[in-house]
1. Inside segment 205-233, can you point out the residues that are among the hydrophobic types (A, V, I, L, M, F, W, C) and part of a loop (DSSP other than H, G, I, E, B)?
2. L394: closer than 25 Å to D309 by Cα, in contact with a helix residue (DSSP H, G or I) (Cβ under 6 Å, 6 or more places away or on another chain) and part of a helix (DSSP H, G or I), yes or no?
3. Could you look through segment 1-51, keep only residues that are outside any loop (DSSP other than H, G, I, E, B) and of a type in the set (K, R), and pick out the one that is nearest to D342 (Cα to Cα)?
4. Being of a type outside the set (S, T, Y) and touching a strand residue (DSSP E or B) at 6+ places or on another chain (Cβ under 9 Å) is the filter here, so list the residues in segment 37-48 that pass it.
5. Can you find a residue in segment 331-340 that is assigned to a loop (DSSP other than H, G, I, E, B), of a type outside the set (F, W, Y), free of Cβ contacts under 8 Å to residues at least 60 places away in the same chain and touching a strand residue (DSSP E or B) at 6+ places or on another chain (Cβ under 9 Å)?
6. Assess whether I80 counts as being surrounded by 19 or more Cβ atoms within 10 Å (Cβ to Cβ) and either in contact with a Leu (Cβ under 7 Å, 6 or more places away or on another chain) or not assigned by TED's automatic domain parsing to the domain that holds T221 (or both).
7. Residues L297, L290, L310: which one is within 20 Å of D48 (Cβ to Cβ), at pLDDT 95 or above, of a type outside the set (D, E, K, R) and in contact with an Asp or Glu (Cβ under 9 Å, 6 or more places away or on another chain)?
8. Looking at this structure, is Y185 modelled with pLDDT under 95, out of contact with any His (no Cβ under 6 Å at 6 or more places or on another chain), among the aromatic types (F, W, Y) and crowded, with 22+ Cβ neighbours inside 10 Å?
Amino acid sequence: MSLKEIIPAVRTENITYAVRDIVVLANEVAKSGKEMLYLNIGDPNLYDFEPPKHLLDATFKAMLENKNGYAPSSGIAPAIKAIEKEANRKGINNIHDIFITTGASEAIEVCLTALVNDGENVLTPTPGYPLYTAIASKLQAMENPYYLDESNNWQPDIEDIKSKINNKTKAIVLINPNNPTGSLYTTDVLKKIVDLALEHNLVIFADEIYDKLLFDGKKHTSIASLNPDVPCITFGGLSKNYFVPGFRIGWGIVSGKKELLKNYIEAINKILRARLSANHPEQFGIAPALEMNHDHLTEAMKKLTVRRDLTVNMLNAIPNISCVKPEGAFYAFPKIQMNKPDSEFVSGLIREAGVVIVPGSGFGQVPGTRHFRVVFLPNETILKKAYENIGSYLDKFLKM
């Protein structure tokens, strides 16, 4: 009997994830013994950032008390209550459901799966986090990117959004603060997006996972707080603000006009029940994290401000590179003036200079532009050396 090749599902053909895909090349180069400078993955724990002790203490206590079985599908009551109180502090009040998931990523996937049919579409920011387009590909949804305006501090382009809405559009995704650009959206822009969502019956997916990592005294506005009627799911989690990405604890908060959301909420919960539960003992860290002191953020933002400023100043000093100053998170998305593909520049940079960054094409960008993303979590010594190497290699690359 002859064996036949196993053919994977068509839905996997267009799934890419540039942040991790680039690691394959980096690992290959590292085997040669070259010194590697990693500016590619937004994991604070790889650097000099630590979670608050009260979060860890509560989690360890839960483990020792054998809270190691299944949790309720939507999460434990104390954690859900703490998330609701945090949402209220942010001005989100018309809440109808809260659920805890395996990272915010699972919440996003569950909510997209419960909403989008084959051939329908969701407006996704470009540039934006590639998880959304990967999930959309798996769901066989149509791509519908809208652009952020680099000339306007990477704010969403409202006119572009208007032009992309059609009768198959089900939702609009906002990542605020944005990954990969570090932009923080203005209240005026958010209000215009609320108006569009209400006019076209769209659900807003508000990814606010970086909402406490803000520079220069900036304030974050949750879009769900601007109108009690707009159907909105606000995503959050412990990974970024509390420096425990490996805990895989995130959540979704459903708010808006109740009669519009009833069936959608039940569809979400069908999926949540089918997958049993998120990590159980780690959920006991949610209430202490949200409700106790945030001293860890004060220290973290001091470091990140120095590293953000170093990043912007050094990159803008390199000929043919310009970099918009990030206002949140720990990413920057510099632009390169060149005609060659950014993926070609990045692969060459990794091979010859050992600097691991992610090409802008992995996040989406305005056609004809070239970018790359840097994570400025490493210390100043590493960042300085990496940016010097980028400048030297780019000069060489443009002469090839």
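The values are calculated or read from the model by the stated rules, or taken from the named source; none is laboratory data. Keep in mind it's a predicted model, so treat the numbers as computed, not measured. Cβ sites come from the backbone with ideal geometry, for glycine too, and all protein chains shown count toward neighbours.
1. Residues of segment 205-233 among the hydrophobic types (A, V, I, L, M, F, W, C): 205-206, 209, 213-215, 223-224, 226, 230, 232-233.
Within segment 205-233, I209, L213, F215, V230 qualify.
2. no
3. Initially, segment 1-51 is screened for residues outside any loop (DSSP other than H, G, I, E, B), giving 10-12, 18-30, 37-38, 44-46.
Then keep just the ones that are of a type in the set (K, R); that gives 11, 20.
On the way: R11: 27, R20: 17 Å.
Result: R20.
4. Scanning segment 37-48 gives L37, L39, N40, I41, G42, D43, L46.
5. The answer is yes; a qualifying residue exists.
6. Judged against the criteria, I80 is not a match.
7. L310
8. Working: modelled with pLDDT under 95: no; out of contact with any His (no Cβ under 6 Å at 6 or more places or on another chain): yes; among the aromatic types (F, W, Y): yes; crowded, with 22+ Cβ neighbours inside 10 Å: yes.
Spelling it out, it is not the case that Y185 is modelled with pLDDT under 95, out of contact with any His (no Cβ under 6 Å at 6 or more places or on another chain), among the aromatic types (F, W, Y) and crowded, with 22+ Cβ neighbours inside 10 Å.
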